[in-house]
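The values are calculated or read from the model by the stated rules, or taken from the named source; none is laboratory data. The structure presented is a predicted model; accordingly, all values stated were derived computationally and were not measured. Using ideal geometry, Cβ is built from the backbone for each residue, glycine included, and neighbour counts are taken over all protein chains shown. Remember, those area values only see protein heavy atoms, side chains included, never the ligands or the DNA or RNA. Shrake-Rupley method; radii C 1.70, N 1.55, O 1.52, S 1.80 Å.
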Amino acid sequence: VRLPKTLTIFGAEVLIIKVKDLTDEQENKVDGLFLIECNIIKIEADLSDEDTIHTLLHELFHAMIVRNSINQTTLSHDVEEILADTNATMITELFNLRFKRKKS
Ligand SMILES: [Zn+2]
């Protein structure tokens, strides 16, 4: 699936890039990352279309949290992760963003 190069989240431009073998700062393999300092979302290039969209929505949720300073409240990291995931699932369901699997 082709992703937009940038998206504007509450007035801030976020760069979207696909990266092969994406890892976090601890070298753990991850599907997506939101880099707060530079407003960049990185998405693992090898994901299925469905997982790519879900991961983008998940990372956009983190961007929204930062843009609205919700990350400076008592919201825990664990709860933020759960909200990012459930929000991504809700949006994919609502807008039928799930891709049908190829019949073989
Ligand atoms: Zn996350």
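Numerical summary
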quantity: Qualifying residues in the stretch 14-55 (those that are within 14 Å of the chain's Cα centre (by Cα) and of a type in the set (Lys, Arg)) - the one nearest to Thr86 (Cα to Cα); calculated: Lys42
quantity: Boolean, Asp85 is loosely packed, with under 10 Cβ neighbours inside 10 Å, within 16 Å of the ligand (Cβ to nearest atom) and in a helix (DSSP H, G or I); calculated: no
quantity: Scan of the stretch 56-71 for residues that are without any contact (Cβ under 8 Å) to a residue 24 or more places away in the chain and either on the phi > 0 side of the Ramachandran plot or within 11 Å of the chain's Cα centre (by Cα) (or both), ordered by number; calculated: Ser69
quantity: Count - residues of the stretch 44-53 that are more than 14 Å from the ligand (Cβ to nearest atom) and open to solvent by 50 Å² or more (accessible area, probe 1.4 Å); calculated: 4
quantity: From the options Glu93, Glu59, residue that is among the acidic types (Asp, Glu) and loosely packed, with under 13 Cβ neighbours inside 10 Å; calculated: Glu93
quantity: Test: residue in the stretch 58-68 that is of a type in the set (A, V, I, L, M), touching a strand residue (DSSP E or B) at 6+ places or on another chain (Cβ under 9 Å) and farther than 17 Å from Ile36 by Cα; calculated: no
quantity: Failed criterion for Asp78 (all others in (1) within 12 Å of the ligand (Cβ to nearest atom); (2) under 13 Å from the mean Cα position of the chain (by Cα) hold); calculated: (2)
quantity: Matching residues in the stretch 12-36 - criterion: being of a type in the set (Lys, Arg) and either within 14 Å of the ligand (Cβ to nearest atom) or assigned to a strand (DSSP E or B) (or both); calculated: Lys18, Lys29
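For (1) touching a Phe, Trp or Tyr at 6+ places or on another chain (Cβ under 9 Å); (2) open to solvent by less than 40 Å² (accessible area, probe 1.4 Å); (3) of a type in the set (S, T, N, Q), each residue gets a yes or a no:
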{"position": "Thr8", "(1), (2), (3)": "no, no, yes"}
{"position": "Val14", "(1), (2), (3)": "yes, yes, no"}
{"position": "Asp24", "(1), (2), (3)": "no, yes, no"}
{"position": "Val30", "(1), (2), (3)": "no, yes, no"}
{"position": "Lys42", "(1), (2), (3)": "yes, no, no"}
{"position": "Thr55", "(1), (2), (3)": "no, yes, yes"}
{"position": "Ser69", "(1), (2), (3)": "no, no, yes"}
{"position": "Gln72", "(1), (2), (3)": "no, no, yes"}
{"position": "Glu80", "(1), (2), (3)": "yes, yes, no"}
